Amino acid sequence: MKILFIGSLKHGGYFQYLSFKKIYKNIDVIDCQEFFSSSSIFRKIFHHISPKIFEPFLNNFILSRIKKKYDLIYVMTSDCIGKKLILNLKKKARKIIVFLEDNPFSKRDKNRWKLYLDAARYYDLTVVFQRSRMIMGKKHGVKSFLLIPPPYQKNTHCKKKISSKEKNKLSSEVIFIGTWFPDRGVFFKRLIDLGLNIKIYGTRWYKDPNYSLIKSNITLGHIKDPMYSKLIQCSKISICLPSAGNFDGITKRSTEIPAIGTLLCAQRTKEHKILFKENMEAVFFKDADECYKKCINLSKNNSKRRKIANNGYIKITKIIKADYLSTIKTIIKKINLKKI
């Protein structure tokens, strides 16, 4: 089976690439990040002005690297592929799949998705873990969807070997890891005002109007693995807030946190309620006040917290098997790749 993987070999893209490699040997890669590597200004123009400026150059960059035909082209950097390019790619592959980690149908990312929106209807399958993207995608002519749970990586999002000294340094009652957005600033300011002992890690928090009042709870900067998993592992409770600006009801944190073995305390959304049994496999909240009450109660009740966390771990890792390898196998089964 001949497969072409078009996507960045970082983060989720790398995990999916590794999963494909475990199943198939013949995999070629085109990393579109190489196109932008010569200048960070290119990417800023691409996002904020118009990606169509780069379309002919991107088309040439990708097509010049394709020397044969494939059974499957698997696309992750969909913002780089417009209508003209995908129609060319369809001549070079039997099936083309796109995996959407972000929401190209919202207006949060400004002009970034102009190329993708022109090409969206031509993919054979669009893989998403947000129901909102299915609804919004249909308005752009997308017909074939596969809805999956957000995937996690087995050997990454798991309990790590940690020394007692490191555990004491990283431990926390409640943790949140994520980027600042205005609504999140309001939410966590309220939790801190109520007296919640919480540690916040992430980028852009210095932009919050109340940063001077809450900065003692914040560590600025992007958290990479394995530190990401260690911090969650050393916390009693980890809060999960899907992006409101992206119309998200679930996020990769929703499966990564239980996979690591920590209690998931998440916003009460339709997607979370479908995936987890409330108060048995995870706990949910409507607002900051309810979140505060849940965190205070469960941080003191060790047996109940550990039971819910363990149930959540079993749900994600054993029952629905949301790891990347299982996810890729599900995608392959959906398109019946063995028979094409």
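Per-residue surface analysis assigns Thr330 an accessible area of about 70 Å², computed on protein heavy atoms at 1.4 Å probe radius.
In a shell of Cβ-Cβ distance under 10 Å around Leu213, excluding Leu213 itself, what net charge do Lys and Arg (+1) and Asp and Glu (-1) give? After counting each charged neighbour, the total is 0. With respect to the chain, whose longest principal axis is taken over its alpha-carbon atoms, helix 302-314 is tilted by about 10°.
Working note: Debye formula, equal point scatterers on the alpha-carbon atoms of the stretch 288-340, no solvent; log10 I(q)/I(0) at q = 0.19, 0.28, 0.31 Å⁻¹ is -0.74, -0.98, -1.05.
Excluding Ser37 itself, calculate the net charge of residues whose Cβ lies under 11 Å from the Cβ of Ser37, where each Lys or Arg counts +1 and each Asp or Glu counts -1. Working shown, then result.
Working: positive: Arg43; negative: Asp31, Glu34.
Charge balance near Ser37 sits at -1.
Restricting the stretch 192-252 to trypsin sites (Lys or Arg not before Pro) that sit in a DSSP loop and have at most 12 other Cβ atoms within 10 Å of their own Cβ leaves Lys224.
Spin-label model, Lys67/His11: points 7 Å from Cα along the beta carbon direction are separated by 3.2 nm. Karplus-based coupling profile of the stretch 187-199, in residue order and whole Hz: 4, 6, 4, 5, 4, 5, 4, 6, x, 6, 7, 10, 10, with θ = phi - 60° in 6.51 cos²θ - 1.76 cosθ + 1.60 and x standing for Gly or Pro.
Can you give the extra length, in nm with one decimal, that the chain gains between Arg94 and Asp28 once fully stretched, where that is 0.36 nm per residue apart less the Cα-Cα distance?
Between Arg94 and Asp28, full extension yields an extra 22.2 nm.
State which entries of Lys110/Lys270; Lys143/Lys270; Lys167/Lys224 exceed 20 angstrom in Cα-Cα distance in the structure shown. Exceeds cut-off: Lys110/Lys270; Lys143/Lys270.
Size descriptor for the chain, Kirkwood hydrodynamic radius: 21.3 Å (Cα pairs only, one decimal).
Using Cα atoms only, what is the angle between the long axis of helix 11-23 and the major principal axis of the chain, expressed in degrees (0 to 90) to the nearest 10? Taking Cα atoms only, the helix is inclined about 60 degrees.
Across q = 0.11, 0.14, 0.18, 0.19 Å⁻¹, the stretch 97-234 modelled as identical point scatterers on its alpha-carbon atoms has Debye log10 I(q)/I(0) values of -0.60, -0.86, -1.05, -1.08, in the order of the q list.
The values are calculated or read from the model by the stated rules, or taken from the named source; none is laboratory data. Please read these numbers as outputs of a predicted model, since none were measured by experiment. With ideal geometry, Cβ positions are generated from the backbone for all residues, glycine too; neighbour counts draw on all protein chains shown. Side chains are part of the model used for accessible areas, which takes the heavy atoms of the whole protein and leaves out ligands, DNA and RNA. Shrake-Rupley method; radii C 1.70, N 1.55, O 1.52, S 1.80 Å.
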